[in-house]
Protein chains: 2
Amino acid sequence: MIYFDNGATSFPKPNSVYDETMRAMKEYGANPGRSGHKLALKLSRGIFETRTLLSKLFNTKNPMNIIFTFNATESLNLGIKGILKPGDHVITTSMEHNSVLRPIKHLEGFGVESTIVYGDSKGIVDVSQIEEAIKPNTKLIVTTHVSNLTGTIMPIKEIGQVAKKNQIYYLVDGAQSAGIYNIDVEEMNIDLLAFPGHKGLLGPQGTGGLYIKDNLSIESIFQGGTGSASSSLIQPDICPDKYESGTSNGPGIIGLGAGIKYIMEKGIENIRSHEEELTKHFIEEAIQIEGVKLYGPLDIKKQGAVVSLNIRDIDSSEISYILDEEYDIAVRPGLHCAPLAHETIGTLDQGVIRFSFGIFNTHEEIEYAIKALREIVKEI
Amino acid sequence: MIYFDNGATSFPKPNSVYDETMRAMKEYGANPGRSGHKLALKLSRGIFETRTLLSKLFNTKNPMNIIFTFNATESLNLGIKGILKPGDHVITTSMEHNSVLRPIKHLEGFGVESTIVYGDSKGIVDVSQIEEAIKPNTKLIVTTHVSNLTGTIMPIKEIGQVAKKNQIYYLVDGAQSAGIYNIDVEEMNIDLLAFPGHKGLLGPQGTGGLYIKDNLSIESIFQGGTGSASSSLIQPDICPDKYESGTSNGPGIIGLGAGIKYIMEKGIENIRSHEEELTKHFIEEAIQIEGVKLYGPLDIKKQGAVVSLNIRDIDSSEISYILDEEYDIAVRPGLHCAPLAHETIGTLDQGVIRFSFGIFNTHEEIEYAIKALREIVKEI
């Protein structure tokens, strides 16, 4: 199987991720932060190490600003619902995933207003349009870093400047970028950064996180046992405990730590270069195939390792099925949980076939996929 | 290390849990329910199998009534917040974990009323007191099945009858019982059952679930990508999608399935008998040691595999530290995230040393722990 579905989850993982996850499960799979015995303490220390690695990766001084969650969807819900109150206004873009749009639509039922700034046909969003959408009650701007549909890289640094200038919080969805693109929360004026553990960061599923800026206390979504201030019926107001109720995914977080170490050893620039090279080559070859329609910027400095395409007007699911059955190539067809992004690029009916590349994909695999597309175009 | 902290998380797990979790990670760690390719479908099928196993275990006909969550704390928050609205009244008990009490206290800030029925000094709750607490606006009763402090088994079937008679929803916290005690949601009139995957069900951390009765639609906590109805900005109103946004812990759920299969092969009655035998022996021996104070019913038909004790008035953390350092025995001291339960049995200052036994503990380990307690009592 050639796996081009890294936008959904990265696969495979580095061997160290498998090994360290399993070692934690087998050797010290206790409950961290609950008991004081050796096994629990060992797991707690490991979790703190992953927190520290993430804080280095995103350039935040305090590891306690990194909250562990179940997945990026929880992180985004926490960021959005933790900030917005009835009467507040939020600005987002048409290029967002449903993990951003659905919570915002949900909040509209509770008196939150929203403005959706549309991208152009390549998914590119104009920062000045975001600035123009600001109202006196605007409390939050939410944008993705890299579109999961077109790969379009958003100008997050510029948006961060607009947010800072207008004293508005900025929440970035790093679902497609964390572990591949540099994200410096200080330099980019990011107040909240949601990220999955199991995509670019190469960790196991069941891991994710949210960076919350120092001294920014938002509403928690869950309350429960935190292993701290246990005599109180009130959720403790300290970070990360306030947002981490119940048993965390200890071994998963250890595995995530191994994934981040792998990235740091390889060098994030080298990983990005590799993915850029694959993406560039794929675009250059695919664009020459008659009958193939490509979406997105198609410029490697403006696009992550996500390339969406269609063959003529054929349903995206049909082509994906052929790629899977005949060529053993895994891609993702359909709407990618991003309906407004599809509306933006005009593919709401047809869907697209999404190729999303990862660290372990090779030049040969790209060649093979191009060959497959050439054959399908002829035969269908 | 002798591990007597199974109330926090079961350790170790059956080998099949390690093996199946790892096999899913390495061989088909795709994103279930998102793409249509072979790897994603294989993981989707495995997740459905675990859903089916859980529905058999809890005797619900429809596997789609089982929702997967991050942990039992999320399940309890979802059950409590999904049901209660401003003006509603909820009844719970003093024996609850903070994962029940803290969400309820949080909701009090939004106009929800609560009544807490206190247990007696052994943690036993009188069903008639629950019935007496019912008011016209009572919408929900929440109780644990087995106390995480005293092991007290709650009369959930009788409480279920009271709830049904009065048309009130009943949410059971199965954190200490699922996988060890029979839970029949039909026979017991349970509307919602919260359970962790990583305790008695022997699955990996990062897994949990909530059973929601047929035709009972509650508010979701998260909204996001569900891989279904993707063209809509509104969360789909179908079960389980409504409550399962974002990437689930696929390999964890596969591992959980292996844990449940292990339980079904061993026989839940045999597992319970084994834990009862260990608990009975431990109580019979510990009760004879002068200076040891035991809490809870101390009757194996009224108590799960959790035994809490103190040595004279010495701080529970001190004794636990000695058990860990000198004897390599892992227990949990302190307040166990259950402050009102400690208040109920009078141990809020001292805490208790909690021994919680599991399927892999042995008679010899109990003997060794008793020997350790005898020595500590003499030396300290």
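A few points about this structure:
- For the protein assembly as shown, adding -39500 (n - 2.57) for each run of n ≥ 4 DSSP H residues and dividing by the number of residues yields -12000 deg cm²/dmol at 222 nm.
- Between residue B:26 and residue A:314, the simple spin-label model (points 7 angstrom out along Cα→Cβ) gives 3.7 nm.
- Note on the stretch B:120-254: along the principal axes its Cα atoms extend 52, 37, 23 Å, ordered by decreasing extent.
- Computed over the Cα atoms of the stretch A:295-380, pair by distinct pair, the Kirkwood hydrodynamic radius stands at 13.6 angstrom.
- Pseudo-label separations to other copies for residue A:157 - Cα-to-Cβ vector, 7 Å, nm: 6.8
- Heavy-atom accessible area, 1.4 Å probe, ligands and nucleic acids excluded: residues of the stretch A:242-266 down by at least 10 Å² from chain alone: A:245, A:246, A:247, A:248, A:249, A:251
- FRET efficiency, 1/(1 + (r/R0)^6) with R0 35 Å, evaluated for residue A:265 and residue A:377 via beta carbons: 0.30
- Between helix A:38-57 and chain A there is an angle of about 50 degrees, using the helix long axis and the longest principal axis of the Cα atoms.
- Vicinal HN-Hα couplings computed from phi for the stretch A:264-276 (Karplus, 6.51 cos²θ - 1.76 cosθ + 1.60; Hz; Gly/Pro x): 5, 5, 5, x, 4, 5, 5, 4, 4, 4, 4, 5, 5
- Whole-Hz Karplus values for the stretch B:236-251 come out as x, 9, 10, 9, x, 3, 3, 9, 10, 8, x, 5, 7, 8, x, x Hz, taken residue by residue from phi with 6.51 cos²θ - 1.76 cosθ + 1.60 and θ = phi - 60°; glycine and proline positions read x.
- Contact order, relative form, for chain A: 24 percent (alpha carbon pairs under 8 Å, 6 or more residues apart, mean separation divided by residue count).
- Förster-model FRET efficiency, 25 Å R0, residue A:59 and residue A:158, C-beta, rounded to 0.05: 0.85
- 17 Å Cα-Cα reach of residue A:301 towards lysines, excluding residues that sit fewer than 8 places from it in its own chain: A:122, A:157, A:280
- Set of aspartates and glutamates near residue A:13 by C-alpha distance (under 20 Å), chain-local residues within fewer than 8 positions excluded: A:5, A:49, A:265, A:269, A:275, A:276, A:328, A:364, A:365, B:19, B:20, B:27
- Once the C-beta distance of residue A:348 and residue A:132 is scaled by a Förster radius of 30 Å, the resulting FRET efficiency is 0.70 to the nearest 0.05.
- Scoring A:218-228, A:328-338, A:234-244 by mean Cβ neighbours within 10 Å over their residues and listing the highest first yields A:328-338, A:218-228, A:234-244.
- Solvent-accessible heavy-atom area per residue, rounded to whole Å², over the protein assembly as shown at 1.4 Å: 34 Å²
- In straight-distance terms, cross-link reach from residue A:164 covers every one of the aspartates and glutamates whose alpha-carbon lies under 19 Å from its own, apart from those fewer than eight places away in the same chain; here that gives A:88, A:126, A:131, A:132, A:173, A:184, A:186, A:187, A:191, A:214.
- Across peptide A:333-342, the average count of Cβ atoms from other chains found within 10 Å of a residue's Cβ is 4.
- Nearest-ten-degree value, helix B:363-379 long axis tilted from longest Cα axis of chain B: 50 degrees
- The stretch B:67-83 and the stretch A:318-380 have Cα centres separated by 36 Å.
- Gyration tensor (alpha-carbon) shape descriptor, chain A, a/c threshold 1.5: oblate
- Antiparallel bridges, percent of DSSP beta bridges restricted to the protein assembly as shown (to nearest 5): 50 percent
- For residue A:326, solvent-accessible area (1.4 Å; no DNA, RNA or ligand), Å²: 140 Å²
- The packing ranking of peptides B:155-166, B:19-30, highest mean first, is B:19-30, B:155-166, where packing means the average number of other beta carbon atoms within 10 angstrom of each residue.
- Legend: distances between Cα atoms for A:302/A:378; A:199/A:302; A:61/B:81; B:61/B:199; pairs beyond 28 Å are A:302/A:378; A:61/B:81.
- Neighbouring partner chain Cβ atoms per residue of A:14-26, average, 10 Å criterion: 3
- Shape category assigned to the stretch B:1-92 from the gyration tensor of Cα positions, a/c cut at 1.5: oblate
- Inter-chain neighbour count for B:231-240: the average number of beta-carbon atoms from partner chains within 10 Å of each residue's beta-carbon is 4.
- Rounded to the nearest 10 degrees, the angle from helix B:15-28 to the longest Cα principal axis of chain B is 30 degrees.
The values are calculated or read from the model by the stated rules, or taken from the named source; none is laboratory data. It should be emphasised that the depicted structure is a prediction, and the values quoted were computed from it without experimental measurement. For neighbour counting, all protein chains shown are included, and Cβ atoms are generated from backbone atoms with ideal geometry for every residue, glycine included. Ligands, DNA and RNA are stripped out before the accessible areas are found, and what is left, the full protein with its side chains, is counted by its heavy atoms. Shrake-Rupley method; radii C 1.70, N 1.55, O 1.52, S 1.80 Å.
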